[in-house]
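Engineer: Pasting in a structure now, in structure tokens, and then I'll have a few things to ask.
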Ligand SMILES: [Zn+2]
């Protein structure tokens, strides 16, 4: 189905502009790890609706209007998840606070934002402990996806690969609720890896390769992973991955992975989007900008913001109008089926 004017759905946005009180509360929580008597009460964090409105209207919503995007799938700030800090209880309290703020934003701006959940992951802790928060976000908050951190250690990679049974309790819930996971790491606490310049892109590439090596989607044929930041190095090295799969006697990637793995368009220059749309099947590409995120400047070569990715998707010669509709709207509705249901309920 093609439409004259697609709904522009940005599947990757974080609440990077939350009022300063949020960070101040987190600082207290971290300080109290050394002195539990100082542990802050979540109720002590007070952020008014007006403060939330202002933090969104001046930032994400202003840019969405300027650039012409309609709806953002909105999750807590990725680098703030910092699952490596403290224990499960630390992450649990923090995730609940961050998810609730995204929910409140989605209630204040129901036409422009819908939530995706941060999980209360903690290194070495069974992922099934994340399920109560996951279910609360889906059932009570109407969230349409989750962010799953494949490396809660923050750059030391000591969790099993994503294909391991370790992660299956999360996958069972994802399948049950038909929600996808964006595979998204958080802050790097390994000085070898810059958080957004290497750790994020490494994780994207690593997640894809883990799935290539395994047979996860035989166990979960309807499981869906969104690999952000344009899929890391994957599209650029597509031939390597195809060749490795062949060496490993795996099926062709179209069959082995591409019914389950999707890439976003958070690639911050035209040649990158041209390559992505040339190499990766269009049905696997979802529009996103990760605005306001890691790269906030203006490209002196073009005069436009690097993260104004809609411009590149519009400009690429690799897409027909129908394919462009799929990237902007159709694929997001297919992958985030609960978003589709929510939109249909509004007559969209
Ligand atoms: Zn992100």
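Engineer: Would a scan of region 103-120 turn up a residue that is crowded, with 24+ Cβ neighbours inside 10 Å and assigned to a helix (DSSP H, G or I)?
Structural biologist: Within region 103-120, one or more residues are crowded, with 24+ Cβ neighbours inside 10 Å and assigned to a helix (DSSP H, G or I).
Engineer: Could I ask something else about it? With respect to residue 137, determine if the residue is touching a strand residue (DSSP E or B) at 6+ places or on another chain (Cβ under 8 Å), in a helix (DSSP H, G or I) and over 24 Å from residue 74 (Cα atoms).
Structural biologist: Taking the combined requirement at face value, the residue does not satisfy it.
Engineer: Also, I was wondering about something else. Of the residues 144, 138, only one is surrounded by fewer than 24 Cβ atoms within 10 Å (Cβ to Cβ) and more than 14 Å from the ligand (Cβ to nearest atom); which?
Structural biologist: On the way: 144 fails: surrounded by fewer than 24 Cβ atoms within 10 Å (Cβ to Cβ).
Going through 144, 138 in turn, just one is surrounded by fewer than 24 Cβ atoms within 10 Å (Cβ to Cβ) and more than 14 Å from the ligand (Cβ to nearest atom): 138.
Engineer: OK, next. Return the residue satisfying two criteria in turn: it lies in region 163-193 and is touching a helix residue (DSSP H, G or I) at 6+ places or on another chain (Cβ under 7 Å) and not in a loop (DSSP other than H, G, I, E, B), and of such residues it is nearest to the ligand (Cβ to nearest atom).
Structural biologist: Going through the qualifying residues, I end up with 183.
Engineer: Conditions: (1) under 22 Å from residue 278 (Cβ atoms); (2) more than 15 Å from the ligand (Cβ to nearest atom); (3) surrounded by 18 or more Cβ atoms within 10 Å (Cβ to Cβ). Residue 230 meets all but one. Number of the miss?
Structural biologist: Of (1) under 22 Å from residue 278 (Cβ atoms); (2) more than 15 Å from the ligand (Cβ to nearest atom); (3) surrounded by 18 or more Cβ atoms within 10 Å (Cβ to Cβ), only one is false for residue 230: (2).
Engineer: Would you list the helices (runs of 4 or more DSSP H) that sit entirely within region 1-98 and hold 2 or more residues that are within 16 Å of the ligand (Cβ to nearest atom) and within 20 Å of residue 121 (Cβ to Cβ)?
Structural biologist: On the way: elements: 20-31, 49-57, 60-67, 78-81.
Filter on region 1-98 gives 78-81.
Engineer: Any residue at all in region 207-217 that is assigned to a loop (DSSP other than H, G, I, E, B), within 16 Å of the ligand (Cβ to nearest atom) and in contact (Cβ under 8 Å) with a residue 12 or more places away in the chain?
Structural biologist: Step one: list which residues in region 207-217 are assigned to a loop (DSSP other than H, G, I, E, B), which gives 214-215.
Still in the running and within 16 Å of the ligand (Cβ to nearest atom): none.
For region 207-217, residues assigned to a loop (DSSP other than H, G, I, E, B), within 16 Å of the ligand (Cβ to nearest atom) and in contact (Cβ under 8 Å) with a residue 12 or more places away in the chain: absent.
We did not get these values from a lab; they are worked out from the coordinates using the rules stated. This structure is a prediction, so every number in the text was calculated from the model and none was measured. For neighbour counting, all protein chains shown are included, and Cβ atoms are generated from backbone atoms with ideal geometry for every residue, glycine included.
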